[in-house]
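Single-structure report; data block below.
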Amino acid sequence: MLARFVHTLMLAVAALVVATAPGAAEYPDHVVRIINPYPPGGSVDVMARLLAQKLSDEMGQQFIVETRAGAGGNTGAESVAKSEPDGYTLLFTAPGPLVINPTLYRNGLGYDPAKDFAPIALFGTTPLVLMVANSVPAKNVQELIALAKAKPGTLDFGSAGIGTTPHLAGELFKTMAGIDITHVPYRGTGPALADLIGGHIQMFFDLLPTSVPQIKAGKVRAIGNAGATRPAALPDLPTIAEQGLPGFSANSWWGFVAPAKMPEPAKARLIAAVKKVLQSPDVIKRIRDLGGEPGNAFGPDFGTFMQAEAKKWGDVIRKSGAHVD
């Protein structure tokens, strides 16, 4: 009798432990922090806040965005990698910390993206657009390539910083077109775009959310979509691949990851919630209004996507010689 009682008690205790363990079905039961590893106000911040608001509604618990910028996104990424892996500290980021910086930073990182993060979702993608200053006579990609070949070393292309997707898109363009153009890194998109408008640099690859207003205002001239297809925001602008560089494709994206040891039940609930958010018509509209497309890779599929991106941009970095000490 006593043995039966003890056995029943042990089963009850075990069930209680499972029910209250991190990652059990009630996740989340308190505030979840989404770390943005870039300065506030950029596209990562905008998309992270959109996701946080929708997850708060969907999961019945508050999700908040916290900025931890620095070192090309590495500061925020490392803080998440080393956080308690309970699912209450997550990372929402552009490609840098996940697929670019491991090759770009010669002295290594304080974390390993492949081992320290569990892929949750590709939240969205956005192609870059190739713009030139209004003073540049080229009206399309082939004319720009011809101008660069006629005047090697005289055309400057700006970027939001070394190792950013605009920088690497420029290096990819330089290699595939066989031209000599000079990279001018800036501290963010704003200063680079201002110098393009002012004619101090001749070319700039930029994300659609920040570039479309300047293009439509006539302050700069767009000559090629850098993605594989034409986005809804600029449907009449031919891709660079269509204009004589077949295979050229340069996209940026927003990814959502968690610490690698996040409990599986909590991770599964989070992935399911993000899927539902990305099927919401108002979220789809908002992402497209900003020049992007909703993501469609979750869990392991997003992990496979990141592996391919890491190889692609790693090859570009090595060929270009770009690095950060």
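Please work out if THR182 is touching a residue at least 60 places away in the same chain (Cβ under 8 Å), of a type in the set (S, T, N, Q) and not assigned by TED's automatic domain parsing to the domain that holds LEU122. If you could, list the steps in order and put the result at the bottom.
Details: touching a residue at least 60 places away in the same chain (Cβ under 8 Å): no; of a type in the set (S, T, N, Q): yes; not assigned by TED's automatic domain parsing to the domain that holds LEU122: yes.
So THR182 fails the test.
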With the condition kept exactly as written, say whether any residue in the stretch 213-230 is β-branched (Val, Ile, Thr), farther than 24 Å from ALA146 by Cα and assigned to a helix (DSSP H, G or I).
no
Any residue in the stretch 11-26 that is under 29 Å from PRO166 (Cα atoms), surrounded by fewer than 14 Cβ atoms within 10 Å (Cβ to Cβ) and either assigned by TED's automatic domain parsing to the domain that holds GLN279 or at pLDDT below 95 (or both)?
no
Total residues in the stretch 133-176, condition within 23 Å of ARG318 (Cβ to Cβ), outside any loop (DSSP other than H, G, I, E, B) and small (Gly, Ala, Ser)
5
When you go through THR93, THR103, THR125, THR89 one by one, which is the residue that is over 18 Å from THR165 (Cα atoms) and β-branched (Val, Ile, Thr)?
THR89
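Only one residue in GLY170, GLY96, GLY158, GLY73 is free of Cβ contacts under 8 Å to residues at least 60 places away in the same chain, under 15 Å from the mean Cα position of the chain (by Cα) and within 28 Å of ARG288 (Cα to Cα), so which one is that? Steps first, please.
Numbers: GLY170 fails: under 15 Å from the mean Cα position of the chain (by Cα); GLY96 fails: free of Cβ contacts under 8 Å to residues at least 60 places away in the same chain; GLY158 fails: under 15 Å from the mean Cα position of the chain (by Cα).
Matching residue, one of GLY170, GLY96, GLY158, GLY73: GLY73.
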Evaluation of THR103 against (1) of a type in the set (Ser, Thr, Tyr); (2) more than 24 Å from the chain's Cα centre (by Cα); (3) in a helix (DSSP H, G or I) (one fails), failing number:
(2)
Pick from SER83, SER135, SER79: which is under 30 Å from PHE248 (Cα atoms), small (Gly, Ala, Ser) and either touching a residue at least 40 places away in the same chain (Cβ under 8 Å) or not assigned by TED's automatic domain parsing to the domain that holds SER43 (or both)?
SER135
Qualifying residue in the stretch 186-195 (condition: among the acidic types (Asp, Glu) and either under 17 Å from LEU234 (Cβ atoms) or within 23 Å of the chain's Cα centre (by Cα) (or both))
no
What pairs can you find where one residue is in the stretch 255-277 and within 19 Å of ASP57 (Cβ to Cβ), the other is hydroxyl-bearing (Ser, Thr, Tyr) and assigned to a helix (DSSP H, G or I), and their Cβ atoms are less than 9 Å apart, with a gap of 6+ or different chains?
none
Does the stretch 44-67 hold any residues that are under 11 Å from PHE92 (Cα atoms) and in contact with a Pro (Cβ under 6 Å, 6 or more places away or on another chain), and which are they?
THR67
Breaking point among (1) touching a helix residue (DSSP H, G or I) at 6+ places or on another chain (Cβ under 9 Å); (2) modelled with pLDDT under 95; (3) not β-branched (Val, Ile, Thr), for ASN107
(1)
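The values are calculated or read from the model by the stated rules, or taken from the named source; none is laboratory data. Values in this document were obtained by computation on a predicted structure and should not be read as measured data. Quick reminder, even Gly has a Cβ in these numbers, built from the backbone with ideal geometry, and neighbours come from all protein chains shown.
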